[in-house]
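**Q** After the structure tokens below, expect a handful of questions from me.
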Amino acid sequence: MNSRLSTDYTKAGDKHPGFSISKASQQTMTTAERKKRLGESRLYQGMQKISAWLDRYYLDAIAGLVPGGIGDVATALFSLVHVYFALFRLRSVPLTLAILNNALRDVLFGLIPFYVGDVLDFFHRANSRNMALINGFLNNDETVIRNINRKALQSLAMIVVFVLAIFAMLYVLMKIASALGTVIFS
């Protein structure tokens, strides 16, 4: 792998919250220095706080108690920060696929009716898993990187399966709600 940062990372003068560099300094910054700066960025610090609040304090699971999957989808939006960081800051498609895999699995678990999904949501902790993957990638943990790269195609296939399963689950939940509404209001 090239040890120098490519010059197309950002245009000179572009501003990113917590992380901006000039074109001249990009050319001399090594990958290790870039990863160190990313680890110190406000975006990275914010991701750590989001993950702690959602998983350590169980806000993800508590929000999942909101009926209709609204809470699960709302908390899944916080995973978009992880996706952005992996795809645009770390520029790793396999890492992005792994993060999406975790996030969609969390949504699917949360949509399982009769509070079974909410119980699973307490134990899944997708945001903490995503932070562990990002930390492993930032710290050049060879085991994490090897596992991410090895499972990239599997993650892509699982993303397709999860998206289809989420739509199917939402369809079933709407049919159940419609049937219950018909029974209750007729």
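**Q** Look through Ala52, Ala76 and report the one residue that is surrounded by 15 or more Cβ atoms within 10 Å (Cβ to Cβ) and at pLDDT 85 or above. It would help to see each step written out before you state the result.
**A** Working: Ala52 fails: surrounded by 15 or more Cβ atoms within 10 Å (Cβ to Cβ).
Only one candidate qualifies: Ala76.
**Q** Please tell me if Leu100 is within 22 Å of Val160 (Cβ to Cβ) and modelled with pLDDT of 90 or more. Step through it out loud before you land on a result.
**A** Numbers: within 22 Å of Val160 (Cβ to Cβ): yes; modelled with pLDDT of 90 or more: yes.
So Leu100 passes the test.
**Q** Of these, Gly181, Gly136, Gly117, Gly71, which one is part of a helix (DSSP H, G or I), in contact (Cβ under 8 Å) with a residue 40 or more places away in the chain and among the small types (Gly, Ala, Ser)? Reasoning before the result, please.
**A** Numbers: Gly181 fails: in contact (Cβ under 8 Å) with a residue 40 or more places away in the chain; Gly136 fails: in contact (Cβ under 8 Å) with a residue 40 or more places away in the chain; Gly71 fails: in contact (Cβ under 8 Å) with a residue 40 or more places away in the chain.
None of the other options fit; the residue is Gly117.
**Q** Identify, please: which residue in the stretch 9-26 is among the polar types (S, T, N, Q) and open to solvent by less than 30 Å² (accessible area, probe 1.4 Å) and is, among those, modelled with the lowest pLDDT? So that I can check it myself, show each step before the final result.
**A** The first filter runs over the stretch 9-26 and keeps only residues among the polar types (S, T, N, Q), leaving 10, 20, 22, 25-26.
Keeping just the survivors that are open to solvent by less than 30 Å² (accessible area, probe 1.4 Å) gives 10, 26.
Numbers: Thr10: 41, Gln26: 51.
By that ranking, first place goes to Thr10.
So that you can scan it fast, the table gives a plain yes or no per residue for (1) surrounded by 14 or more Cβ atoms within 10 Å (Cβ to Cβ); (2) modelled with pLDDT of 80 or more:
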position	(1), (2)
Thr28	no, no
Ala32	no, no
Leu38	yes, yes
Arg42	no, yes
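**Q** With Ser155, Ser128 as the choices, which residue is closer than 17 Å to Asp72 by Cβ and either modelled with pLDDT under 90 or not hydrophobic (A, V, I, L, M, F, W, C) (or both)?
**A** On the way: Ser155 fails: closer than 17 Å to Asp72 by Cβ.
Going through Ser155, Ser128 in turn, just one is closer than 17 Å to Asp72 by Cβ and either modelled with pLDDT under 90 or not hydrophobic (A, V, I, L, M, F, W, C) (or both): Ser128.
Quick grid of which residues meet (1) under 30 Å from Ser41 (Cα atoms); (2) open to solvent by less than 70 Å² (accessible area, probe 1.4 Å); (3) polar (S, T, N, Q); (4) in contact with a His (Cβ under 7 Å, 6 or more places away or on another chain):
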site: Tyr115; (1), (2), (3), (4): no, no, no, no
site: Phe123; (1), (2), (3), (4): yes, no, no, no
site: Asn139; (1), (2), (3), (4): yes, no, yes, no
site: Val160; (1), (2), (3), (4): no, no, no, no
site: Ser186; (1), (2), (3), (4): no, no, yes, no
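**Q** Moving to a separate point now. Scan the stretch 162-172 for residues that are under 17 Å from Ile99 (Cα atoms) and open to solvent by 80 Å² or more (accessible area, probe 1.4 Å) and report the count. Working first, answer last.
**A** In the first step, residues of the stretch 162-172 are kept if they are under 17 Å from Ile99 (Cα atoms); the result is 162-163, 166.
If we keep only those that are open to solvent by 80 Å² or more (accessible area, probe 1.4 Å) too, we end up with none.
Here the count works out to 0.
The values are calculated or read from the model by the stated rules, or taken from the named source; none is laboratory data. Only a predicted model underlies this, so the values are computations on that prediction, with no experimental measurement involved. Cβ sites come from the backbone with ideal geometry, for glycine too, and all protein chains shown count toward neighbours. Heavy atoms of the whole protein, side chains included, go into the accessibility calculation; ligands, DNA and RNA do not. Shrake-Rupley method; radii C 1.70, N 1.55, O 1.52, S 1.80 Å.
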